[in-house]
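Just below is one structure, and these are the notes that go with it.
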Amino acid sequence: MRFKLAVLIFMVLFSLHRVSAQMYVKDIYHDKIPVDYTGKLRDAYEFIDAAGLHLYIVSKTEGEKPINRISIFGTGYTRVNGIFVKDWSITDFSGLDVLLKYNYTKVVDIDKDGVYETIFVYQLDPNNGLGCTWKLMLHYKNKKYVLRVHVPSDDDDNYNVQMDKTFDALPKSVRKYVIDYWNDIAEEQDLKGRYILK
Amino acid sequence: MRFKFILMIFMSVSFLQKTRAQLYVKDILYDKIPVSYTGKAIDAYEYKDNAGLHIYLVTKTKEERPAQKVIITGVCYTQTNGTFIKDWSITDFAFNILLYNVNTKIVDIDNDGVYETVFVYQLDPDAAPGADWKVILHHKNQKYVVRAHVAGFGMDNGTLALDKLFDTLPLSIKKYAIDYWNDIADRNELGLSFKN
């Protein structure tokens, strides 16, 4: 009897271990992407949370007619009845270049509600000698929150940081995470005229 | 009887899983790192292979005086009689250095039961003359480096070179390093890759 009880406890613990492992984040950049995307793939994650199975995909096109425009596309999907349905999408473009900083992509449950937030960061007009613009895109419950930073080419120009007003509506932990994250990026990149957000 | 049978199958399955799990790689950047270090830990793995239990760690230190300088140090340890003994270490410095730690790989390329480590960093990312990149691969505690110079805006062509030592490596590892660089070049849109 005691043996059976021990086995039962063991099996319950083992299944619990399985359950906690159900939430995951997987980089699928080198795998087959289960949805169509425009242009060249730049970043891809699959993740499961309390809201289901999701995809986060970023792709890019170059040299669109009639002008030589470079565009970036970010999309979030959730699988519903076996089909990936779009939750959100963003598009941005530049006549010079758009560079996704894929090493700053985060799929993370900041407010511990069992649903992942996504953050990705890209640079508009990098390396053109005239300064550039960075954008940090947070998606929280499929709504977009943007941090825009203009980094000047030299310290005389203005360093400009704009946070969407909607940031104020976010849980404090999420807002703080984004601010800290941006400050870390600015520090790590040694951005000129670095501006510390409070 | 049936109960015991099911139990036996269950235990064998979990035992097999455990056995397979003997070789493992675990990200420990946000855990307690069991070796002492200076500066900030920016990449850390614990891994186990046929040569034992290892720690791979990269740290970053910033100096403001006499001039701004960023130093990165990569170190690898193997546990011997309960203490971690250094296998190799590398140090590099520049005005600024960015480690692309999402690209760090602890992987058994040649399937000999011993992991290789590969990491990549960029020196002086915003410098007008362009940036240097280095891929550092360790195979049996020996270092192999891929060096790239990516030209700045309106500057001359870049350069790309493999250490001569790469020719002494198993072909699978040399090929891995080439593919690894080509992927970095592609994802960062550097326009500087090895041709096949």
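The values are calculated or read from the model by the stated rules, or taken from the named source; none is laboratory data. In this text, all values refer to a predicted model and were calculated from it rather than measured experimentally. Neighbour counts are summed over all protein chains in view; Cβ atoms, including those assigned to glycine, are modelled from backbone coordinates with ideal geometry. Ligands, DNA and RNA are stripped out before the accessible areas are found, and what is left, the full protein with its side chains, is counted by its heavy atoms. Shrake-Rupley method; radii C 1.70, N 1.55, O 1.52, S 1.80 Å.
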- Task: Can you give me the number of residues within the stretch B:184-196 that are in contact (Cβ under 8 Å) with a residue 40 or more places away in the chain, part of a helix (DSSP H, G or I) and open to solvent by 30 Å² or more (accessible area, probe 1.4 Å)?
- Result: 0
- Within the stretch B:80-115, restricting to residues that are acidic (Asp, Glu) and more than 29 Å from B:Asn188 (Cα to Cα), the one that is farthest from the other protein chains (Cβ to nearest Cβ) is B:Asp87
- Query: Looking at this structure, is A:Val174 assigned to a helix (DSSP H, G or I) and among the β-branched types (Val, Ile, Thr)?
  - Reply: yes
- Message: On the basis of being of a type outside the set (A, V, I, L, M), touching a strand residue (DSSP E or B) at 6+ places or on another chain (Cβ under 9 Å) and not in a loop (DSSP other than H, G, I, E, B), does A:Asn103 make the cut?
- Response: yes
- Message: Could you tell me how many of the residues in the stretch B:100-142 are more than 14 Å from B:Tyr56 (Cα to Cα) and part of a loop (DSSP other than H, G, I, E, B)?
- Response: 13
- Query: Got a sec? Which of B:Asp156, B:Asp179, B:Asp167 is within 14 Å of chain A (Cβ to nearest Cβ), at negative phi and open to solvent by 30 Å² or more (accessible area, probe 1.4 Å)?
  - Reply: B:Asp179
- Task: For residues that are aliphatic (A, V, I, L, M) and modelled with pLDDT of 95 or more, scanning just the stretch A:1-47, find the one that is most open to solvent (accessible area, probe 1.4 Å).
- Result: A:Val25
- Message: A:Tyr140 - would you say it is within 14 Å of chain B (Cβ to nearest Cβ), within 11 Å of the chain's Cα centre (by Cα) and either hydroxyl-bearing (Ser, Thr, Tyr) or open to solvent by 60 Å² or more (accessible area, probe 1.4 Å) (or both)?
- Response: no
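A quick yes/no check of all residues on (1) more than 14 Å from every other protein chain (Cβ to nearest Cβ); (2) in contact with a Leu (Cβ under 8 Å, 6 or more places away or on another chain); (3) open to solvent by less than 50 Å² (accessible area, probe 1.4 Å):
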| residue | (1), (2), (3) |
| --- | --- |
| B:Ala128 | no, no, no |
| B:Ile136 | yes, no, yes |
| B:Tyr144 | yes, yes, yes |
| B:Arg147 | yes, yes, no |
| B:Ala151 | no, no, yes |
| B:Leu171 | yes, no, no |
- Output the number of the condition that A:Ala50 fails; it satisfies all remaining conditions of (1) more than 14 Å from chain B (Cβ to nearest Cβ); (2) more than 24 Å from A:Lys176 (Cα to Cα); (3) more than 17 Å from the chain's Cα centre (by Cα); (4) exposed (fewer than 15 other Cβ atoms within 10 Å of the Cβ). (2)
- Selection within the stretch A:165-184 - surrounded by 14 or more Cβ atoms within 10 Å (Cβ to Cβ) and touching a Lys or Arg at 6+ places or on another chain (Cβ under 8 Å): A:Phe167, A:Ile179, A:Tyr181
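Answer yes or no: is there a residue in the stretch A:69-84 that is touching a Pro at 6+ places or on another chain (Cβ under 8 Å) and more than 12 Å from chain B (Cβ to nearest Cβ). Give the derivation first.
So the first thing to find is which residues in the stretch A:69-84 are touching a Pro at 6+ places or on another chain (Cβ under 8 Å), and the list is A:84.
Still in the list and also more than 12 Å from chain B (Cβ to nearest Cβ): A:84.
The answer is yes, given that some residue of the stretch A:69-84 is touching a Pro at 6+ places or on another chain (Cβ under 8 Å) and more than 12 Å from chain B (Cβ to nearest Cβ).
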- Index of the failed condition, B:Gly74 passing every other in (1) over 19 Å from B:Lys143 (Cβ atoms); (2) part of a strand (DSSP E or B); (3) modelled with pLDDT of 95 or more: (1)
